[in-house]
Amino acid sequence: MADDKDSERPMHSDPDEEAIDEPTTSGAQEADETAWMMKEGVTIGLISIMAVVVLALGLLQGTGLVDVFAPIADTNFGQWIAFGVLVLVVIAVFAWSRVGV
């Protein structure tokens, strides 16, 4: 009967499965971990802001309200190519920020 209850239990339901086994024992280690967390938070925040700005720019470009890329490209297709390059730059910056994490 106990086997029936165990088989109904969902897999991977242990919330502390990937928890760190060793607590922080020194002030220097805690300072390093805090600095790392702050760096990660700031990086993710800045990339998120850039992504929203690029999204808004794309929507404004798509509706024809702005022509930000007009000095770079004369045609509508060229402006979309410039926008695509901007998107690739944002993706590259995000990928670069994730290196070594």
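The values are calculated or read from the model by the stated rules, or taken from the named source; none is laboratory data. Bear in mind the structure is a predicted one, so any value in this text is a computation, not a measurement. Every residue, glycine as well, gets a Cβ built from its backbone with ideal geometry; the counts of neighbours run over all protein chains shown.
Mind telling me which of the residues M50, M38 ends up being in a helix (DSSP H, G or I), modelled with pLDDT of 85 or more and either among the acidic types (D, E) or touching a helix residue (DSSP H, G or I) at 6+ places or on another chain (Cβ under 8 Å) (or both)?
Working: M38 fails: either among the acidic types (D, E) or touching a helix residue (DSSP H, G or I) at 6+ places or on another chain (Cβ under 8 Å) (or both).
None of the other options fit; the residue is M50.
Can you name the residue in segment 59-101 that is of a type in the set (S, T, Y) and within 27 Å of the chain's Cα centre (by Cα) and is also farthest from S48 (Cα to Cα) among such residues?
In the first step, residues of segment 59-101 are kept if they are of a type in the set (S, T, Y); the result is 63, 75, 97.
If we keep only those that are within 27 Å of the chain's Cα centre (by Cα) too, we end up with 63, 97.
Details: T63: 23, S97: 12 Å.
Checked segment 59-101; the qualifying residue farthest from S48 (Cα to Cα) is T63.
Of the numbered conditions (1) in contact with a helix residue (DSSP H, G or I) (Cβ under 8 Å, 6 or more places away or on another chain); (2) modelled with pLDDT of 85 or more, D67 fails exactly one; give the number of that condition.
(2)
Against the definition (at pLDDT below 80, outside any helix (DSSP H, G or I) and on the phi < 0 side of the Ramachandran plot), how does D21 come out, yes or no?
yes
Given (1) in a helix (DSSP H, G or I); (2) under 20 Å from L88 (Cβ atoms), identify the lone condition not met by E33.
Exception for E33: condition (2).
Search segment 70-88 for residues that are touching a residue at least 12 places away in the same chain (Cβ under 8 Å) and assigned to a helix (DSSP H, G or I) and pair each with any residue that is surrounded by 12 or more Cβ atoms within 10 Å (Cβ to Cβ) and of a type in the set (S, T, N, Q) when their beta-carbon atoms are under 9 Å apart and the residues are at least 6 apart or on different chains.
As it stands, the answer is Q79/Q61; W80/Q61; F83/Q61, since those pairs meet every condition given.
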